[in-house]
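Before any comments, here is the structure.
Throughout, read-outs are computed from the coordinates displayed, never taken from laboratory work. Because the structure is a prediction, the values reported are computed rather than measured. Here Cβ is always computed from backbone atoms with ideal geometry, including for glycine, and neighbour counts include all displayed protein chains.
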Amino acid sequence: MANTDLALAIDIGGTKIAVGLVDRRGNLIDRDMVRTDLDKRANDLYDSLASLVRRQAQRAIDTHNGRIVATGIGSAGPIDPDCVTVSPLNIPAWRRFPLREALVETLHDSGIDVPVFGDLDAKAFALAEGWLGAAQGETNFIGMVVSTGVGGGIVLDGKLLDGGSGNAGHVGHVIVNPDGHRCGCGARGCLEAEASGIAIESITGRPPTQPTYEIMQRTGRMVGLAVASVCNFFDLKLAVIGGGVALGFGPTFFASAQEVLDQQCRLDFSRGARVVPARLGDRGPLVGAAAVAWRGLNRGASQPPNAR
């Protein structure tokens, strides 16, 4: 029986690192996860990821009769194109960490020489929700993750925006409160500094898993302000939002965000903009990372000179 083509999917976040196997239909057939240990040094943190990669690579063969044909990374940002280096604001040990080269070497040592593609985790999320989730069939929308941090990916005319350095759509750094809290990026009043899990705990002294009703409302309003600006700027009528904070806060969060959208999206082309919860749940990040891999293969993207 022929082996099943699989993408090795990698999700890098401030709370967890996950690795999984996804087929060409978007089925997540296996996964492993570790908590992101922010006290570890850069190489020690990578060793935790490499261990997951080796384990999933072996399971692709032994358990699923699969053949890994590409690797996709979704990483918190900022990043360089294809995650040649990554500098996630919420992972201080990784500043311009050479993630792609390290993964190529780890895969090579495991006997797997496949192209490695990478993108922002929230852009990967947008690809996933457009492929199989709440934005399926839509050609213009923003996908957002409100979790430990806040990120986004914008799809216009059916194409995911990349920008000059691959960081387009980083909605976490839209200013929603000019006199607000200092952000990890150095600015003041970014959405990430007002509505992320880290920000909520810093502001309230309570973990985001124990929110008050007022915090759920306030977080929804802050996100609604950012989404309204994006909808007015990019001519959008749909925002799909996932992540532990947004989905954990549930209807209160989404109702507050929608109320702000109704107030602030008053132009003919943005009036009626909707904010909806993601449909893929906790599968979304790894399905999105796989979408990055399949997109890379479909593009026939050339690899940097150091690719094996």
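Quick notes on this one:
- Estimated distance in nm for a label pair at GLN210 and ARG24, the labels positioned 7 Å out from Cα along Cα-to-Cβ: 5.0
- Protection-proxy order for peptides 88-94, 117-123, each taking the mean of Cβ atoms within 10 Å per residue, highest first: 117-123, 88-94
- Relative contact order [Cα under 8 Å, 6+ residues apart], the range 134-278, whole percent: 25
- Fully extended contour minus Cα-Cα distance, from ASP5 to ARG271, at 0.36 nm per residue: 91.4 nm
- Among MET33, MET222, MET216, MET144, sorting on how many other beta-carbon atoms sit within 10 Å of each Cβ, with the fewest leading, yields MET33, MET216, MET222, MET144.
- Separation of the range 269-288 from the range 202-254 is 13 Å, based on Cα centroids.
- The order of TYR46, TYR213, going from fewest to most other C-beta atoms within 10 Å of their C-beta, is TYR213, TYR46.
- CD proxy at 222 nm, helix term only [per DSSP H run n ≥ 4: -39500 (n - 2.57); per residue of the chain; nearest 500]: -12000 deg cm²/dmol
- The range 78-100 and the range 1-49: distance between their alpha carbon centers, rounded to Å: 16
- Per-pair calculated FRET efficiency, R0 = 25 Å: ARG182 and PHE233 via Cβ, rounded to 0.05: 0.50
- Taking packing as the residue-averaged number of other Cβ atoms within 10 angstrom, the listed peptides 67-74, 201-208 run from highest to lowest as 67-74, 201-208.
- Relative contact order for the range 57-194: 18 percent, from Cα pairs under 8 Å spaced at least 6 residues apart, divided by residue count.
- The value of relative contact order for the chain, using C-alpha pairs under 8 Å at least six residues apart, is 20 percent.
- Remark: the range 1-74 is approximated by an ellipsoid whose semi-axes, taken from the C-alpha gyration tensor as √(5λ), come to 25, 12, 9 Å, largest first.
- Quarter of the Cα convex hull surface for the chain, i.e. its orientation-mean projected area (nm²): 15.4
- Integer Hz, Karplus 6.51/-1.76/1.60 couplings in order for the range 165-180, x for Gly and Pro: 10, x, 9, 4, x, 6, 5, x, 10, 6, 7, 10, 8, x, 9, x
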